[in-house]
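First comes the structure, then the notes that go with it.
The values are calculated or read from the model by the stated rules, or taken from the named source; none is laboratory data. Note that the structure is predicted; figures quoted are calculated from it, not measured. Cβ placement follows ideal geometry from the backbone for every residue including glycine, while neighbour counts extend to all protein chains displayed.
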Amino acid sequence: MAENGAKMKKNSNENFFKVMLRYPLETCLGILLSFLILFVFEQVVSRYLFRHIEIWAAELQQGLFIWCSLIASIIAVREGEHYSATYFIDKLSPLARNVVNLINHLLVGGAVIVLIWYGIESTKIGGMQDYVGLPFSRMPQYISLPICAAFMFYYLILQLYRDVRQIINRLSTEKN
């Protein structure tokens, strides 16, 4: 019986690490969000109990919040949940729906290209700034935009490929 418990614990640990490797974005987001919550809690305790504000914690929270928001945006794009206005789209034929999805993904892709471009430009300028309370530059904060936008673009390319395949399949089945 003790062997079964040890085996179950080993399997649960293996499953935990498999899930972490299977969902790296979610794992990274969970870790960053945990640190963000920890630093926000520290800031609240420091401010209200000790009447002292830690500047470095506020700066770190800002960077963590930006990374969390952008990683969550990558996940939303990957899952196709980055925008949802499906009331009218659901009333269309399957082929028309696929065409509208293709157009939507192309428009979002254009916006993501703009994010990558201006993210690189803002990183060049803002990355030279230093934090007031931390001993390093703001580069990690600024570089989050082009990096995360590049991941969004990757997932949009995959969705565009699926959209085109679905349109081709629908057109070929309608001919037959």
Discussion item. Can you find a residue that is crowded, with 18+ Cβ neighbours inside 10 Å, in a helix (DSSP H, G or I) and small (Gly, Ala, Ser) anywhere in region 134-155?
Written reply: yes
Discussion item. Can you find a residue that is modelled with pLDDT of 90 or more, surrounded by fewer than 13 Cβ atoms within 10 Å (Cβ to Cβ) and either in contact with a helix residue (DSSP H, G or I) (Cβ under 6 Å, 6 or more places away or on another chain) or part of a loop (DSSP other than H, G, I, E, B) (or both) anywhere in region 114-124?
Written reply: no
Worksheet item: What is the residue count in region 20-50 for residues that are β-branched (Val, Ile, Thr) and within 24 Å of the chain's Cα centre (by Cα)?
Response: 4
Worksheet item: Of everything in region 81-113 that's under 21 Å from the mean Cα position of the chain (by Cα) and of a type in the set (S, T, N, Q), which residue is modelled with the lowest pLDDT?
Response: SER84
Worksheet item: Considering only residues of region 131-165 that are more than 24 Å from the chain's Cα centre (by Cα) and at pLDDT 90 or above, which is nearest to VAL99 (Cα to Cα)?
Response: VAL164
Worksheet item: Of all helices (runs of 4 or more DSSP H) completely enclosed by region 8-111, which ones contain at least 3 residues that are in contact with a helix residue (DSSP H, G or I) (Cβ under 8 Å, 6 or more places away or on another chain)?
Response: 24-49, 55-79
Worksheet item: Taking the stated definitions as given, is VAL164 in contact with a helix residue (DSSP H, G or I) (Cβ under 8 Å, 6 or more places away or on another chain) and of a type in the set (Val, Ile, Thr)?
Response: yes
